[in-house]
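Read through the structure below, which is laid out as structure tokens, and then see the notes.
We did not get these values from a lab; they are worked out from the coordinates using the rules stated. None of the values given here were measured: they were computed from a predicted structure. Quick reminder, even Gly has a Cβ in these numbers, built from the backbone with ideal geometry, and neighbours come from all protein chains shown.
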Amino acid sequence: MQFAVLCLAGLLLLGGVAAVAHLLRERHYRRKVESGEMSMEEVPAESAIVDMECCGQHEVCEKDSLLAAVSRGIEYYDDEELDRFRGRDGAGYDEEEAEEFRNIFYTMRTDEVAGWVRSLQLRQISLPDQIKDEVLLIVRERREG
């Protein structure tokens, strides 16, 4: 009986040490990512650093994020022609150019809008000021709904 209690205590102690080591390792990787020393892609696969700001309500948290930093690559939404606007300021579009953005925007599903905006950011394309409010309204409604 005493041997079983000692074995059980040893297993609990070993599990506790393993849990603490795991937490320390995760904290180490998280700090490296936050300081910019390491990217999320460089973190070993067995170290699943979880975004503490993810609410868990979405299929993929970054899907609704407008931050280009969370994306790993550029995704095109059948909008390659917009690349000619790279580097242009949002206030510098005429109404015809803004209409090009609007046509693409209104042909996509609402769940694609945040990804499209991220794609534009990664491609260094500013949204025309004429449609920014419409786009942000759709993204906000999607997040709240």
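Some points to look at:
- The range 90-145: C-alpha gyration tensor shape, a/c 1.5 cut-off, then a/b vs b/c: prolate
- At an R0 of 35 angstrom, the distance between the Cβ atoms of E144 and E81 translates into a FRET efficiency of 0.65.
- Estimated FRET transfer efficiency (D94, L137; beta-carbon r; R0 22 Å; 0.05): 0.45
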